[in-house]
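Asker: Dumping the structure here so I can ask a few things about it.
The values are calculated or read from the model by the stated rules, or taken from the named source; none is laboratory data. Just so it is clear, the model here is predicted, and its values are computed rather than measured. Here the Cβ is made from the backbone with ideal geometry for all residues, glycine too, and neighbour counts use every protein chain on show.
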Amino acid sequence: MISDINYEATHSHPGMSLNSAEGKIELYGRSIPENAIAVYKPIMNWLENYAVEPRKKTTLNFKIEFFNTSSSKFILQILKKLEDLYNQGFEVEINWFYNDEDIKDLAEDYEELVKMEFNYYEAVLK
């Protein structure tokens with residue numbers, strides 16, 4: 001079993017909770033780091049390890065209220081990793097919470113790129 005990851009959000013880094021036993025990934029807050037690689041590399045490594053023996057169902061709860069361009073590239077990589085699981089026959093649920101139509105529009109672009117259906121929820125994000 002791989003180690004879970006839990007980081008609290010800061011002003012510029014998203015909070016994250018990655019739980020392999022439950023197959024749950026949650027990202028929240030803002031993602032405008034100076035060094036997106038440093039923030040997202042642990043998530044990508046975790047996903048690589050998780051994909052070896054994933055749960056039957058994996059859920060991503062995406063609650064990031066704002067993200068910059070460098071973060072957007074890693075968000076797409078995360079979604080592509082989940083798409084790989086989906087294409088292998090695993091159930092993948094993407095719950096995208098938004099408080100801004102521009103963020104929802106970006107999510108819809110991602111949805112087309114990864115060819116998985118997203119669930120959208122308008123919410124107050126902090």
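Asker: Give the residue, chosen from Gly23, Gly15, Gly29, that is surrounded by 17 or more Cβ atoms within 10 Å (Cβ to Cβ) and within 18 Å of Ile2 (Cα to Cα).
Answerer: Selected residue: Gly23, the only one of Gly23, Gly15, Gly29 that is surrounded by 17 or more Cβ atoms within 10 Å (Cβ to Cβ) and within 18 Å of Ile2 (Cα to Cα).
Asker: What number of residues in region 62-102 are touching a Phe, Trp or Tyr at 6+ places or on another chain (Cβ under 7 Å) and surrounded by fewer than 19 Cβ atoms within 10 Å (Cβ to Cβ)?
Answerer: Residues flagged as touching a Phe, Trp or Tyr at 6+ places or on another chain (Cβ under 7 Å) and surrounded by fewer than 19 Cβ atoms within 10 Å (Cβ to Cβ) within region 62-102 amount to 2.
Asker: What single numbered condition from (1) in contact (Cβ under 8 Å) with a residue 40 or more places away in the chain; (2) within 16 Å of Lys24 (Cα to Cα) fails to hold for Ser71?
Answerer: (2)
Here is a yes/no grid of residues against (1) among the polar types (S, T, N, Q); (2) within 15 Å of Ile5 (Cβ to Cβ):
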| residue | (1), (2) |
| --- | --- |
| Leu60 | no, yes |
| Phe67 | no, no |
| Ser70 | yes, no |
| Glu91 | no, no |
| Glu111 | no, no |
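Asker: Residues being modelled with pLDDT of 95 or more and either part of a loop (DSSP other than H, G, I, E, B) or closer than 14 Å to Ile64 by Cβ (or both): count how many of those fall in region 107-117.
Answerer: 4
Asker: Find the residue count for region 1-20, including only residues that are over 18 Å from Ile103 (Cβ atoms), touching a residue at least 24 places away in the same chain (Cβ under 8 Å) and not polar (S, T, N, Q).
Answerer: Of the residues in that region, 3 qualify.
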